[in-house]
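Encoded as structure tokens, the structure appears first; notes follow it.
The values are calculated or read from the model by the stated rules, or taken from the named source; none is laboratory data. Keep in mind that what you see is a predicted model, and the values were worked out from it rather than measured. Because the Cβ atoms are built from the backbone with ideal geometry, glycine has one as well, and the counts that use them run over all protein chains shown.
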Amino acid sequence: MVAEPTVLQFPHGEEPVLQVEVAPDATADDLALVHRYWDLTAYGWRYKVRELGSTLTVLSTVAAHSRAFLLSVGCSLCGEPIEIANRSAGTVLAGPTLTEPRATGLCSACQEHHTAVKEQQQRLAAQQTEQEKRKAKEAEQELRERVAGWTTREREAPCVARTVDGNAELVLLLALAERARAGRSKPLPALSSMESGWTGDVERDAKALSSLREQGLLVVDAQSPLSAFQLGNEGGLMYVPAEVLWSLKLDPDATVDLVAETCLRRATSIGQQPAAEIASLSRLVTTLEANHVIDYLNSLLTKKYGYPPVPEAREVELFDTIIDGITGGYTAGQMIAIVWRAADSAAAWKERNARMGPPEASSATVTMVRKKLDDARERRQPVPEYEPPRWMSVPAALGAARQVLEAVEGPRRRDRISACNQCDINGFVSDEVDGREVASRCLHLPAARRPDDDHVPADLN
Ligand SMILES: [Zn+2]
Ligand SMILES: [Zn+2]
């Protein structure tokens, strides 16, 4: 005969809310202790736990020999009585007298089922994550191999370019060659890692870099981060021009030579199309100079005076004024002197007018730049050249842009033409070729160094 557990119900003599089953192997002492522990009256527990002995002993004896079920609160899934491990578990679900349902719970069977389902879900989720991780790793490996193959093919393809197309491309290529010379074998930096790109316009730079690659003068470096590449839907490999590192196709010296030859060809070309291209190069370089001056002014306002930068609404006006100054003959260094004076005057004006705040002072600076420029012109006083302070970053391609412009536009400048004794008033020299007169643009070099002497006269080194 199988021994039956002893069943106790509480409170005595009332509608029971708690049923306790005591294991048949419990001694009489254990049974007595279990009885006292679970003894519930209509007003709460008859004994405090500490009245029954050491808390630890009481709880372990109760746990070892008895199971208690709430009759007042049923399992929220199946309605069966809920098993409680101790008094406080009962209180949470049904209050101190176990008669006031306060929370829902699950019976042991439903709890087990619930736990099993949850574990199964977690296992599946873990398997899925594992699978996704493996797939991502495989995809990464494939991308890595494709990138390695592609960059190797690009690097090994022979360079066929004999000239450089585009103005921004010409300027950038010279800047890149100079950087490559300084950095030795290091790859050229990603556009996104540079403070203001090469020319101060990241979009223009990215376009020019891609164009140089298409012209076969630049290759994407194999050390570029993998995140800069992507496989397209059709399986094609794509790269983000602003995120990849670059390498010159030719070595830096050969690249500089190619830039110089291109400059020379442009400088000596005749016709409307070349003239328009030179005008566009001049505009590009003037824009770089102007942006450099504006950067200087904004740094001055924010760092020296603690004002905000020039308000957005007046940026165009400021840009136009500075372009006016530069195209009118002032150098960027002189414009820096003019904006320095303008900021100084605006700050002094703010000091005299208590109602002027820093934003008004920044705005007034724009008016002052115009006034200082007009004053300087009217009085014909020489304006000094200021160097921007060392902490100011100069656009990376500004130096290259100045050199390219000088090489391309120099031979067309009035002062050069009038100072030269070899060419006519339009800067042309005539040569006799096969008995016919052929006019070509003069480079105004000393007689001993004519271009057909095999020199590269546009000195970009
Ligand atoms: Zn249940
Ligand atoms: Zn000349």
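Results, tabulated for the structure shown:
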{"item": "Meets criteria (in the same structural domain as Thr286 (by TED's automatic domain parsing), surrounded by fewer than 16 Cβ atoms within 10 Å (Cβ to Cβ) and either within 13 Å of ligand 2 (Cβ to nearest atom) or of a type in the set (D, E, K, R) (or both)) for Arg436", "result": "no"}
{"item": "Residue match in the stretch 55-71 (condition: among the charged types (D, E, K, R), away from ligand 2 (no atom under 16 Å from the Cβ), in the same structural domain as Glu14 (by TED's automatic domain parsing) and touching a residue at least 24 places away in the same chain (Cβ under 8 Å))", "result": "yes"}
{"item": "Hey, Leu106 away from ligand 2 (no atom under 16 Å from the Cβ) and in contact with a Phe, Trp or Tyr (Cβ under 9 Å, 6 or more places away or on another chain) or not", "result": "no"}
{"item": "Residue check, Arg265 within 30 Å of Ala439 (Cβ to Cβ) and not in a loop (DSSP other than H, G, I, E, B)", "result": "yes"}
{"item": "Residues satisfying the stated conditions in the stretch 159-198, i.e. touching a residue at least 60 places away in the same chain (Cβ under 8 Å) and on the phi > 0 side of the Ramachandran plot", "result": "Gly197"}
{"item": "Number of the exception - Pro388 against (1) surrounded by fewer than 19 Cβ atoms within 10 Å (Cβ to Cβ); (2) part of a helix (DSSP H, G or I); (3) touching a Phe, Trp or Tyr at 6+ places or on another chain (Cβ under 6 Å)", "result": "(2)"}
{"item": "Ala364 vs. criteria closer than 20 Å to Thr327 by Cβ and either without any contact (Cβ under 8 Å) to a residue 24 or more places away in the chain or of a type in the set (A, V, I, L, M, F, W, C) (or both)", "result": "no"}
{"item": "Residue that is nearest to Val22 (Cα to Cα), among those in the stretch 39-75 that are assigned to a helix (DSSP H, G or I) and polar (S, T, N, Q)", "result": "Thr61"}
{"item": "Subset of the stretch 154-175 that is β-branched (Val, Ile, Thr) and either in a loop (DSSP other than H, G, I, E, B) or at pLDDT below 95 (or both) - its residue that is surrounded by the fewest Cβ atoms within 10 Å (Cβ to Cβ)", "result": "Val160"}
{"item": "Filter pass, Arg314 being in contact (Cβ under 8 Å) with a residue 24 or more places away in the chain and not aliphatic (A, V, I, L, M)", "result": "yes"}
{"item": "Which listed residue, of Glu140, Glu145, is touching a residue at least 24 places away in the same chain (Cβ under 8 Å), surrounded by 10 or more Cβ atoms within 10 Å (Cβ to Cβ) and in a helix (DSSP H, G or I)", "result": "Glu140"}
{"item": "Matching residues, the stretch 76-108, being in a helix (DSSP H, G or I), surrounded by 14 or more Cβ atoms within 10 Å (Cβ to Cβ) and modelled with pLDDT of 90 or more", "result": "Arg87, Ala89, Gly90, Thr91, Leu93, Ala94"}
{"item": "Residue list for the stretch 197-241, restricted to those being part of a loop (DSSP other than H, G, I, E, B), surrounded by 15 or more Cβ atoms within 10 Å (Cβ to Cβ) and modelled with pLDDT of 90 or more", "result": "Trp198, Gln215, Gly216, Leu217, Asp221, Ala222, Ser224, Val240, Pro241"}
{"item": "Filter pass, Glu203 being touching a residue at least 60 places away in the same chain (Cβ under 8 Å) and acidic (Asp, Glu)", "result": "no"}
{"item": "Selected residue [within 16 Å of ligand 2 (Cβ to nearest atom), under 40 Å from the mean Cα position of the chain (by Cα) and surrounded by 12 or more Cβ atoms within 10 Å (Cβ to Cβ)] from Gly399, Gly427, Gly410, Gly333", "result": "Gly410"}
